[in-house]
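Encoded as structure tokens, the structure appears first; notes follow it.
The values are calculated or read from the model by the stated rules, or taken from the named source; none is laboratory data. Fair warning: this is a prediction, and the values are worked out from it, not measured in the lab. Heads up, the Cβs are rebuilt from the backbone with ideal geometry, glycines too, and the neighbour counts pull from every protein chain shown. Just the protein is used for accessible areas: all its heavy atoms, side chains included, with ligands, DNA and RNA removed. Shrake-Rupley method; radii C 1.70, N 1.55, O 1.52, S 1.80 Å.
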Amino acid sequence: MGRLVVVSNRLADPRKPAAGGLAVALGESLQRTGGLWFGWSGTIAQDMADGEGHLHTRSSGKVTLATVDLSRNDYETYYEGYANSVLWPVFHYRLDLADFNTRYLAGYRRVNQLFARKLKALLRDDDTIWVHDYHLIPLAAELRALGCRQRIGFFLHIPLPPALLIAAIPQHDWLMRSLFAYDLVGLQSQADVAHCIRYMTTEAGAELLPGQRLAANHATVEVRAFPIGIDVQEFTRLGQSPEALETYENVCKEYSRRQLLLGIDRLDYSKGIPQRVRAFRELLERYPDNEHSATLLMIASPSRDAVNAYADLRHELEGLCGAINGNFGDIDWMPVRYIHRTVARKRVPGLCRASRVGLVTPLRDGMNLVAKEYVVAQNPEDPGVLVLSRFAGAAEQLKDALLVNPYDAQGMAESIQAALHMPLQERQRRHRSLLENIARFDVHWWRESFLQALQSSATSASAA
């Protein structure tokens, strides 16, 4: 492989400790190949015309970081508009929250064309290009239109919905047909692959070929599942940090007389947080033995508070937590501890290890790495129990979790009760199985599997 070029909406310096597992994983291949990471700078240039964008480059070791500024209108239509007010809700099955403003699509196309123009000037003939996520679905098509013939892969980090939901997006046919400009499209789960194949064969008239390849309009694309993992060794080391150990000791001391249930999420309507709180209330009502015993620690970090849907979600959650504490709480027991701020990542392993039950119950999620982090953080001799939504992509891999339907409060309450009373031997068996899967299919496996598949892809997209 020649140089690796990674393209994403935002980028991180892979050499910085706070870069995160994904940046570190990509950084290994970028450093090895003297690669390029390209994306939005995060800067909104107030006086810049739409579609212009100033290019900035700097070095991080052997890696070149290249970023482009956006105009205010481009940011509002491409990022806040089409990406996060159309694609995000629809891809998470929430048509009711989508805003199909006709201005948004033009901005989305304009910024993808801007990225393609700026990126093309930096490319070499033997580059391998890896494009990430829903912000940049049509980028390969724009690069092909400019004459680029490099091998290009795409990975969607969020779920891909069924064909009929995709068809609700105005000009969905243009959006999905643009995937044929890639050599390889990677999705989080086999369910997502099935949805993609179904859409392409029924809506785009594609022919399904052997090897999960799709052919249409003289182009061929391979579609495969590459479930993303975490950096197990990095997260294990993080669990031994002073901050993690301090957090573990403090939480164990604070809740020494309680069984702790933990939920850690970004405050987003896809995460099923109100449904989780309602299930906890159902637990207290149906199983009174949990009064003065079980405590739900609900951490929901801020997310787009200025958007009405998120502000409404926050108010709903605050009302639910307050009602439970008012109805069930006592002088020496608060059933729900709700925190609306970001908790330092170094403290997350300690929180996970101190919790008897990890509640990861999204209404829909591409993968959900918190589920995997919870398992890795556990003490193998006395592990907690993962309660996982069957609508998270992780459910395809983590079958030894207690899988639940987040829309069924009673069913979730029964599963939480089972988790709280699960015998040690069964907890250990489930944990061993989960940990083995997570360690085998970690973020490094994900990266290498995708890049190897991209290199060996026999599609004709790059020659189209």
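Here are some notes:
- Dipole-positive endmost among Tyr338, Ala121, His132 within the chain (Cβ charges, Cα centre): Ala121
- Straight-distance candidates among the lysines for linking to Lys118, with alpha-carbon spacing under 22 Å and chain neighbours fewer than 8 residues away dropped: Lys62.
- Compared with the alpha-carbon gap, the fully stretched path from Leu146 to Arg10 is longer by 46.7 nm at 0.36 nm per residue.
- With the charge dipole of the chain set up from +1 on Lys and Arg Cβ and -1 on Asp and Glu Cβ about the Cα centre, the Cα lying farthest toward the positive end among the listed residues Pro302, Gly263, Gln31 is that of Gln31.
- Ordered by solvent-accessible area of protein heavy atoms (1.4 Å probe), largest first, the residues Leu95, Leu284 come out as Leu95, Leu284.
- Dipole of the chain, positive end: most advanced residue of Tyr78, Tyr93, Cys148 [Cβ charges, Cα centre]: Cys148
- Taking the Cα centre of the chain as origin and assigning +1 to Lys and Arg Cβ atoms and -1 to Asp and Glu Cβ atoms, the resulting dipole is close to 920 debye.
- Between amide H atoms placed 1.01 Å from N, distances below 5 Å from Val7 occur with Phe38, Trp130, Val131, His132, all of them 5 or more places distant or on a separate chain.
- With all protein chains in place and ligands, DNA and RNA left out, the 1.4 Å accessible area ranks His92, His292, His218, His315 as His218, His315, His292, His92, largest first.
- Within straight-line reach of Lys399, meaning a Cα separation under 30 Å, sit the following lysines at least 8 residues removed in sequence or on another chain: Lys271, Lys346, Lys372.
- Within the range 1-134, antiparallel bridges make up roughly 30 percent of the DSSP beta bridges whose residues both belong there.
- Dipole magnitude for the range 14-119: about 540 debye, using +1 per Lys or Arg Cβ and -1 per Asp or Glu Cβ, origin at the Cα centre.
- Derived scalar couplings ³J(HN,Hα) [the range 353-364; Karplus, 6.51 cos²θ - 1.76 cosθ + 1.60; whole Hz; x for Gly, Pro]: 5, 7, 9, 6, 9, x, 9, 10, 10, x, 6, 6
- Rounded percent of accessible protein surface that carbon and sulfur make up, the chain, 1.4 Å probe: 48
- The label-point distance for Gln410 and His292, in a model that sets each label 7 Å from Cα toward Cβ, rounds to 2.9 nm.
- Phi to ³J(HN,Hα) by Karplus 6.51 cos²θ - 1.76 cosθ + 1.60 over the range 397-413, Hz, x for Gly, Pro: 8, 9, 6, 8, 6, 7, 7, 10, 9, x, 7, 10, 4, 5, x, 5, 4
- Linear extension gain, Ala215 paired with Gln240, 0.36 nm per residue minus alpha-carbon span: 4.0 nm
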